[in-house]
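A quick write-up on the structure given underneath.
None of the figures in this text is laboratory data; all of them are computed from the coordinates on show. These numbers were taken from a predicted model, which means no experiment stands behind them. Cβ sites come from the backbone with ideal geometry, for glycine too, and all protein chains shown count toward neighbours.
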Amino acid sequence: MDHAAYAGFNPVDNSIHGVVTYPDAWKLHYVEQAFETIDPTLAAAATSTSVIDWHRLKPTDDFQRVFRDAAEFGIGSTGLTIPVRGAYGDSGAFSVVRKCSEAEWKQQRAEIISGLQMRAANFHDRIMRQGRSMFFMRQPNLSAREKEVLQWVAAGKSQTDIGTILSISTRTVEVHLRSAREKLGALTTSHAVARAIGMEIIYPL
């Protein structure tokens, strides 16, 4: 990726967080033009729970307005935004951008999307757990079996594989995963794994 950007809000202490790798000149221009009020990547993240490919935002006038200017600063218009929702009402948006052809992007997107979702969730949780909000972000009470199932998912095993390893049915594996997702406030299993790793409930392999 050429650049990455994160924006998040924590209602526990009403804090707003932003981390970007864009050039200073573009950051200044973005603020001066008040692009945060029309940037469709931010608007889409606020109302979506799934990964947003910027390709579907390109036809909008606001996207053209923002990224026409971005091009003058050497920033591409091909990218992804990953919305993140936390268990305490916190929310965030993690975006990556790259200048490349549509064909190249289509191939790369398939290779990176799963890993990016995990990293986005992990990054968001680390930001949210800083400062005063840390006291409110308590460790969820996962059972030993839920931790075990998540650990095997982190190792790249499928639900069928995990059922065989643990001598339980695939349905039971899914029950444990569903419970773990709920306790962790995660929307997907990948999100749950990332959150569990970030909280050091399980460990990356």
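Here are the numbers for the structure shown:
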{"read-out": "Residue among Ile168, Ile127, Ile82 with the largest mean-square fluctuation in a Gaussian network model of the chain, springs linking Cα atoms under 10 Å", "value": "Ile168"}
{"read-out": "Centre separation in Å (Cα based) which lies between region 133-205 and region 1-52", "value": "29"}
{"read-out": "Extension gain (nm, one decimal) between Lys27 and Ala71, 0.36 nm per residue minus Cα-Cα", "value": "14.5 nm"}
{"read-out": "Proximal lysines relative to Lys147, as straight alpha-carbon distance under 30 Å, when same-chain residues fewer than 8 apart are discounted", "value": "Lys157, Lys183"}
{"read-out": "Choice from Ala144, Ala71, Ala93 with maximal GNM fluctuation in the chain (Cα, 10 Å cutoff)", "value": "Ala144"}
{"read-out": "Fewest-first sequence of Met199, Met118 by Cβ atoms within 10 Å of each Cβ", "value": "Met199, Met118"}
{"read-out": "Overall dimensions of the chain by Cα: Rg and Dmax, Å", "value": "18.7, 60"}
{"read-out": "For Ile38, net neighbour charge (Lys/Arg +1, Asp/Glu -1) across residues whose Cβ lies under 12 Å away", "value": "-4"}
{"read-out": "Reachable lysines from Lys99, criterion Cα separation under 17 angstrom, eight or more residues apart if same chain", "value": "Lys58"}
